[in-house]
1. Rounded, prolate or oblate, given the Cα gyration tensor of segment 99-179, with a/c below 1.5 counting as rounded?
2. Could you tell me which of rounded, prolate or oblate describes segment 46-163, using a ≥ b ≥ c as the square roots of the eigenvalues of the alpha-carbon gyration tensor, with rounded for a/c under 1.5 and, failing that, prolate when a/b is larger than b/c and oblate otherwise?
3. So which lysines pass the test for residue 220, namely a Cα distance under 30 Å, with those fewer than 8 places away in the same chain ruled out?
4. For the chain, what number results from the quotient of the Cα radius of gyration and 2.2 N^0.38 Å?
5. Can you give me the long-range amide H partners of residue 216? Hydrogens built in the peptide plane at 1.01 Å from N, cutoff under 5 Å, separation of 5 or more residues or another chain.
6. Assign one of three labels to segment 23-77, namely rounded, prolate or oblate, based on the Cα gyration tensor with a ≥ b ≥ c the square roots of its eigenvalues; rounded applies when a/c is under 1.5, prolate when it is not and a/b is larger than b/c, and oblate otherwise.
7. Along the charge dipole of segment 11-83, Cβ charges K/R +1 and D/E -1, which of 59, 73, 21 sits furthest on the positive end?
8. On average, how much accessible surface per residue is there in segment 166-216, in Å², for a 1.4 Å probe, leaving out ligands, DNA and RNA?
Amino acid sequence: MKRAAKASTVLVPALVGLTASVMLLVDYLRPAPIFCDEGGGCDVIKHTPFAGFMGIPTPAFGVVAFAVFLVLALTRGQTARAVLLIATSIAAGVALFLLNVQRTYGVWCVFCVVVDVSTVLVALAAAYRVKSKWDVPTRSPELFGTAALAVLAIAAPFVVGSLSKPKLPDVIAMELAETPKGKVTVVDFVDFECPWCRMTHETFAPIMAPVRDRVRVVRK
C-alpha cells in the first residue's frame with residue numbers, strides 16, 4: 001500500500017470524526033440546534049445523562065480526542081504508534097458503548113453515529129499502523145494538508161453556526177417578528193390550570209419587574 005493510502009486510513013476518519021464532533025459541540029452550546037433537527041435523535045440524546053460529564057458536553061471530549069489522534073498519527077516513531085493504538089482502543093470502547101446507548105433509547109443521532117464509527121475506524125487503522133510500522137514522512141504533503149484540514153474542520157462549523165439562525169416554530173417566529181424595536185420577546189407556554197405553572201409565574205414575576213419596560217412577555 002502506498003504511503004498516502006496508508007496515511008489516509010487514520011487521517012480521513014479522524015478528520016471526519018473531528019468535523020462531526022465540532023458540529024455537535026456547536027449545537028450543544030446553542031439553545032436551538034443548527035445542524036441537528038429539533039426533536040430528532042440528536043435532540044433526544046442531548047437530553048440524556050450521556051450528553052455531558054462534569055458539566056462538559058460530550059462532543060467537547062470528541063473534539064479533543066480526534067485532535068490528539070491526528071497529532072499522534074502525524075508523529076513519527078514506535079512510541080507514537082503505540083500510544084495512538086492505546087488511546088484509540090479506549091476511545092473505540094467508549095464509542096461502542098455510546099452506540100449501544102442510542103440503540104437502547106431507540107433513537108439515532110446521525111452525527112453521533114459518524115463520530116462513534118469514525119473512532120472505531122481510527123482504532124483499526126492504528127492497529128494496522130503498529131503492525132506495518134509506517135509513519136508519515138516529515139515535510140510530507142499529508143502533514144501540511146492534514147493540519148490545514150484540521151483547522152478548517154474546527155473553524156467551519158463555528159463560522160456556520162455563528163452565521164445561521166436557528167429554526168423556530170412558526171408561532172414563536174411570528175411573535176418575534178412583532179417585537180417592538182428595542183425590546184426582547186419572551187414566549188411562555190403554560191397550562192393555566194396547572195399549579196406548577198402558577199408557581200413558575202410567581203418566580204418569574206420579580207425577575208421581570210426591573211426590566212419590564214424592555215421585555216415583552218407573551219403567554220401561549
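1. Working: a/c = 8.49, a/b = 1.74, b/c = 4.89.
Judged from the Cα gyration tensor, segment 99-179 comes out oblate (a/c at least 1.5, b/c at or above a/b).
2. Numbers: a/c = 2.43, a/b = 1.41, b/c = 1.73.
Since a/c reaches 1.5 but b/c is at least a/b, the shape of segment 46-163 is classed as oblate.
3. Straight-distance partners of residue 220: 46, 165, 167, 181, 183.
4. Working: Rg = 22.8 Å, N = 220, 2.2 N^0.38 = 17.1 Å.
Scaled against compact globular proteins, the figure is 1.33.
5. Hits under the 5 Å cutoff: 184, 185, 186.
6. Working: a/c = 3.15, a/b = 2.20, b/c = 1.43.
Prolate shape, in that a/c is at least 1.5 and a/b is the bigger ratio.
7. Going by the Cα projections, it comes out as 73.
8. Values: 4060 Å² over 51 residues.
Heavy-atom accessible area per residue stands at 80 Å².
The values are calculated or read from the model by the stated rules, or taken from the named source; none is laboratory data. This one's a predicted model, so the numbers in the text were calculated from it and none came from an experiment. In this analysis, Cβ positions are derived from the backbone assuming ideal geometry, glycine residues included, and neighbour counts consider all displayed protein chains. When the accessible area is computed, the model is the full protein with side chains, heavy atoms only, and any ligands, DNA or RNA have been set aside. Shrake-Rupley method; radii C 1.70, N 1.55, O 1.52, S 1.80 Å.
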